[in-house]
Structure formats: structure tokens, C-alpha cells
Amino acid sequence: MGRCLSTLLRDQADVTLHSRDLRKGRAIAKRVGVCSSEIKAISESDVVIATMPTGAIPGFLEESAGSMRPGAAFVDVSSVKCGVVEEVLKRLPEWVGYVSIHPLFTSPKVKEKDVAFIPVRGTANVYRFLETLSRSGMRLFETSSEEHDRATAITQVLHHFALLTMDKVLQRHMSSSEKFTTHSLRKTLAVMRLVKGNRDTAVMIQRLNKFGKSIRMEYIKEAEALDRELSD
């Protein structure tokens, strides 16, 4: 996501990319065409975007939030909002604005670039940042933590759970059935590879979304009901 947003924003703002792995950060910045820097760049930035695993955000803020300049904006891109927003606010200085966003895409090549946003603590730089996202070709819509997590329990938790479950079964049987693979299954397998490639994030969403358990149970119940129907 850091690479994706840097690519989209580089023509609209001065973008500096930092990574915990400095060598990797410099390589990505060079490839994308933006500057790279050490963590100290935070103190000189109007907007700080944390494109890191959700679990790493609290530690990052405890170490670095005090370095953010007055009036700066902090942005997280977590796929879960309930609980995460509250943890951020506990650690964010009062002089820093905060908007929580969720880009509903992972590549700058995607045509429809929808972004959900929650303006938690509005400041001039928060609204400038949102305007910059719009100018960069993203389509924004405002939401709340509760609405976001209820919706993504369906669009992400349910979706990923079904694919990860299907993958387990396919792993056991695909080798003996591969020559019978259909075009539609190949498309499903391609999506499955994307989810598996980001498995840690998918698992995080399953565990942290407070509406996830109920939607998984509903899915399992419907699967069992369909099995009974087809077995009659």
C-alpha cells in the first residue's frame, strides 16, 4: 500500500517514503520515483501515512508521534477501524490531526479507486490530504468505524474466509484434478493467490473485525443447510 499510494500521490505532493528496512525503502522509492528518508522525516512532514500492519501502529506512535509537527495529519490505512481508531487516539498528540482511511484497492492500475475515510480529528492538513487523494483519481466516501466494520465483515471477512476455506480443500485434491480445471476456476484461483499472498492481513481482519465471527457462523450455517438440501 505504501508503494501504491506513493505512485498515485507523487504528481500531487512531495512524497517521502520510509521503511523499517532502509535498503528496501530506498529501492522502492527509486522504482516509484519518490524520495526516501530515515524516520526523522516525520518531523518535517505535513502528513504522515502509516502503511504498516495494524498491530505495529501503536508501537510506531509511541516511538514517533511526539516528533510530528503541530498541525500535521496522521493517516492509518487499517482494514479494521473499531478499536484501532481508539488505540491511535490514545497515543496521538492533541496537536496532530487524524483521518483513518481504507483504500479498497491494492494497485494504482485499478480503474475504480474507492477510498473510505473517517475524519477522526479534522485539521487543515487532514482536509488538504483528502483533497489530494481526490485529485489523484481516488473516489472518496465518508463513513464511521461501526459502519465500516459491519460492511467489511461482508466484503472482506466473508469473502476471504470462503476463499481460504476453499483453498484448504483444493490443496488436498487439485493435483489429481488439475487437467479438468475450468476457465472460471482459474479466475477464482487467481483471486485466491492474491488473498494467500496477503494472508497475514487477511487473518488480521478475521480476528480484529468484531462482526467477523457472526458472519463466519452465518456462512457455515448456510453451507450446512445447502449441504442438507443437496443431500436429500
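The values are calculated or read from the model by the stated rules, or taken from the named source; none is laboratory data. Being a predicted model, the structure only gives us computed values, none of them experimental. Quick reminder, even Gly has a Cβ in these numbers, built from the backbone with ideal geometry, and neighbours come from all protein chains shown.
Remarks
- Qualifying residue in the range 97-106 (condition: in contact (Cβ under 8 Å) with a residue 40 or more places away in the chain and not assigned by TED's automatic domain parsing to the domain that holds ALA13): no
- Some residue of the range 211-224 being among the acidic types (Asp, Glu), over 15 Å from HIS159 (Cα atoms) and without any contact (Cβ under 8 Å) to a residue 24 or more places away in the chain: yes
- Only one of the numbered conditions (1) within 25 Å of PHE211 (Cα to Cα); (2) part of a loop (DSSP other than H, G, I, E, B) is violated by GLY137, and that is (1).
- Filter result (part of a strand (DSSP E or B) and surrounded by fewer than 14 Cβ atoms within 10 Å (Cβ to Cβ)) within the range 94-115: ASP114
- Test set (1) assigned to a helix (DSSP H, G or I); (2) under 30 Å from PRO119 (Cα atoms); (3) not aliphatic (A, V, I, L, M) - THR188 fails condition number: (2)
- Of all residue pairs spaced 6 or more apart or on separate chains, those with beta-carbon atoms under 6 Å, a first member in the range 145-172 that is under 13 Å from VAL80 (Cα atoms) and a second member that is surrounded by 16 or more Cβ atoms within 10 Å (Cβ to Cβ) and aromatic (Phe, Trp, Tyr) are ASP149/PHE211; ARG150/PHE211; ALA153/PHE211.
Residues checked against (1) closer than 16 Å to SER100 by Cα; (2) of a type in the set (Lys, Arg); (3) assigned by TED's automatic domain parsing to the domain that holds VAL96:
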{"residue": "LEU8", "(1), (2), (3)": "no, no, yes"}
{"residue": "ALA13", "(1), (2), (3)": "no, no, yes"}
{"residue": "LEU17", "(1), (2), (3)": "no, no, yes"}
{"residue": "ARG26", "(1), (2), (3)": "no, yes, yes"}
{"residue": "GLY33", "(1), (2), (3)": "no, no, yes"}
{"residue": "ASP46", "(1), (2), (3)": "yes, no, yes"}
{"residue": "THR51", "(1), (2), (3)": "yes, no, yes"}
{"residue": "GLU63", "(1), (2), (3)": "no, no, yes"}
{"residue": "VAL77", "(1), (2), (3)": "yes, no, yes"}
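- When the test is whether a residue is over 23 Å from ALA116 (Cα atoms) and part of a helix (DSSP H, G or I), ALA27 passes it.
- Scanning the range 116-139 for residues that are in contact with a Leu (Cβ under 9 Å, 6 or more places away or on another chain), farther than 19 Å from VAL32 by Cβ, surrounded by 15 or more Cβ atoms within 10 Å (Cβ to Cβ) and not charged (D, E, K, R) returns ALA116, PHE117, PRO119, VAL120, LEU130.
- Each residue in the range 29-55 was checked for being of a type in the set (A, V, I, L, M), buried (at least 18 other Cβ atoms within 10 Å of the Cβ) and within 19 Å of the chain's Cα centre (by Cα), and 4 of them qualify.
- Residue match in the range 200-208 (condition: more than 24 Å from VAL85 (Cβ to Cβ), part of a helix (DSSP H, G or I) and not assigned by TED's automatic domain parsing to the domain that holds ALA56): no
- Criterion: out of contact with any strand residue (DSSP E or B) (no Cβ under 9 Å at 6 or more places or on another chain) and at pLDDT below 95 - qualifying residue of SER136, SER45, SER37: SER136
- Residue match in the range 59-72 (condition: buried (at least 19 other Cβ atoms within 10 Å of the Cβ), part of a loop (DSSP other than H, G, I, E, B) and in contact with an Asp or Glu (Cβ under 9 Å, 6 or more places away or on another chain)): yes
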